[in-house]
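Accompanying notes for the structure given below.
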Amino acid sequence: MNSSYGPAMEIRSEVQLAPVADEVSAITAVVRPILEGILYSLKQDVVAEAGGYDELKLHMLARLQRPGDGDCGICFEYAVHDALNRQEAGVVERVSDALGLCKVPGQTIDSILFGAEKTGSLQLIDTVEERLTWDSSLLSGTKGRPVKLKRHINAVAAALRKKSARDLLPQSIAGLWKADLFLGSSDSDKWVGTTVKINPSALEGARGLRIGVVPSRQGTSDAIKIDAGKNLVVCPIPYDGSFMEVFYQGWEVVRQFIAADARLPQEVNLPRPAQREVARYLADRRAYPVLAVVQALQPLSQPHLLETSESAARLVRAGGVSDVIETSSFIAPVPKSD
C-alpha cells in the first residue's frame with residue numbers, strides 16, 4: 001500500500017503536572033479540548049474566510065459552528081484521549097481494568113489517537129508511526145500470533161477511506177479501520193483497537209476491535225463487562241462524581257454558550273453556579289481568537305496544571321479521496337512521567 005508524506009501538522013503537547021482540584025477548574029479543563037474539537041471540526045475553507053485557525057474569534061465560532069450528530073462524539077473521543085494521556089486517575093483505572101480483560105500486559109497505560117481527519121483524505125498523524133515500533137503488537141482477540149501494528153497501519157488508514165482497501169487487510173483486523181484510539185501499554189508495546197461512542201447503543205464490534213469506551217448512564221450499571229456478541233470489552237466511563245459528569249457539564253457550558261451567540265446564557269439555560277462561572281470566562285473573552293482563549297483558560301484550570309509545548313509532525317496520506325487538508329493542527333497530550 002502506497003502512502004506519502006504531506007505537509008506538517010501543528011502538534012500541541014500537553015504534559016500533565018498536577019491533578020485538577022475543584023469543580024470550576026475541572027469544568028474549565030474539559031472545556032478547553034471541547035472548544036478545540038469544535039474548532040478543528042470546521043471546514044478549512046470556512047475557517048480561512050474567518051482569518052484562519054489562529055485568528056478565528058470565539059464569537060465567530062458560535063456563528064460558524066453547526067451542531068451535528070457527530071459533534072459531541074468527536075469531542076468525547078478527544079476528551080477521553082486527553083484524560084488518558086494526562087493520567088486522570090478515574091479514567092486510567094477504568095481503562096487499565098478493561099485492558100486486563102484483554103490480557104494486555106504492562107504498567108504504563110497509554111493512548112494513541114488513530115486519525116486526525118475523517119473527512120476528505122485521511123491525514124494520519126506522523127507521531128502515531130513514531131510511537132509505534134516494529135515490535136508493536138495488536139491483540140485482536142483471535143487465535144494465532146498478534147499482528148504487528150506498524151506493518152499494517154497505513155493499510156488500515158487506507159481502509160478507512162476506500163472500501164476496496166478493506167479486502168486487503170488480514171482477516172483478524174478486517175474492521176480495525178473503525179478504531180478511534182489504540183489503547184495499551186507503552187512499556188510492553190501491546191495495543192488493542194478501541195472504538196469510542198458517546199451513544200452506547202451505537203457501539204459496534206468489528207474484527208480487530210477489543211474495547212468499546214462509552215459514557216455510563218445514571219440508573220444503569222457501570223461495570224466493565226465482556227460483550228460476547230460484539231467481542232468487545234465494554235468500558236463505561238463513570239458518570240457520578242467523576243470524569244463524565246465533568247465532561248457533560250463542560251459540554252453543556254459550550255453548547256449553551258454557542259446557542260447564546262457567545263454570550264453568557266440566561267440562568268434558566270445554565271443554572272449551576274460553577275458552570276455559569278466558566279461560561280462567564282468565555283463570554284468575557286468572546287472577542288479574542290479561540291486558541292488564545294484556550295491558552296488563557298489554562299491557568300484558570302489550575303495554575304501549572306499543564307505545560308504546553310509545540311512541534312510539527314508530518315502527515316501521512318493514505319488512500320484518501322481528496323488532497324484537501326481540512327485539519328491543520330491537533331493536540332497530542334503527553335502522560336505524566338515520574
- Within segment 191-249, considering residues that are at pLDDT below 85 and of a type in the set (Phe, Trp, Tyr), the one surrounded by the fewest Cβ atoms within 10 Å (Cβ to Cβ): 248
- Task: Inspect all residues belonging to segment 235-244 and state whether any of them is free of Cβ contacts under 8 Å to residues at least 24 places away in the same chain, over 18 Å from residue 82 (Cα atoms) and in a strand (DSSP E or B).
- Result: no
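Take residue 151 and decide whether it is assigned to a helix (DSSP H, G or I), out of contact with any His (no Cβ under 8 Å at 6 or more places or on another chain) and more than 28 Å from residue 87 (Cβ to Cβ). Quick ask: steps written out before the conclusion?
Values: assigned to a helix (DSSP H, G or I): yes; out of contact with any His (no Cβ under 8 Å at 6 or more places or on another chain): yes; more than 28 Å from residue 87 (Cβ to Cβ): yes.
Criteria met by residue 151.
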- Task: Being surrounded by fewer than 19 Cβ atoms within 10 Å (Cβ to Cβ) and outside any loop (DSSP other than H, G, I, E, B) is the filter; apply it to segment 60-73 and report the residue that is modelled with the lowest pLDDT.
- Result: 73
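Could you look through segment 270-291, keep only residues that are touching a strand residue (DSSP E or B) at 6+ places or on another chain (Cβ under 9 Å) and hydrophobic (A, V, I, L, M, F, W, C), and pick out the one that is surrounded by the most Cβ atoms within 10 Å (Cβ to Cβ)? Spell out the reasoning first.
Our first condition is that a residue be touching a strand residue (DSSP E or B) at 6+ places or on another chain (Cβ under 9 Å); within segment 270-291, this holds for 286-291.
Filter once more, so that each one left must be hydrophobic (A, V, I, L, M, F, W, C): 287, 290-291.
Working: 287: 11, 290: 25, 291: 18.
Looking at the filtered set, the residue picked out is 290.
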- Message: I'd like to know if segment 116-125 contains one or more residues that are surrounded by fewer than 23 Cβ atoms within 10 Å (Cβ to Cβ), at pLDDT below 90 and either touching a Gly at 6+ places or on another chain (Cβ under 8 Å) or aromatic (Phe, Trp, Tyr) (or both).
- Response: yes
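The values are calculated or read from the model by the stated rules, or taken from the named source; none is laboratory data. Keep in mind the model is a prediction, meaning the values are calculated, not measured. Positions of Cβ are generated from backbone atoms using ideal geometry, with glycine treated the same way; all protein chains shown enter the neighbour counts.
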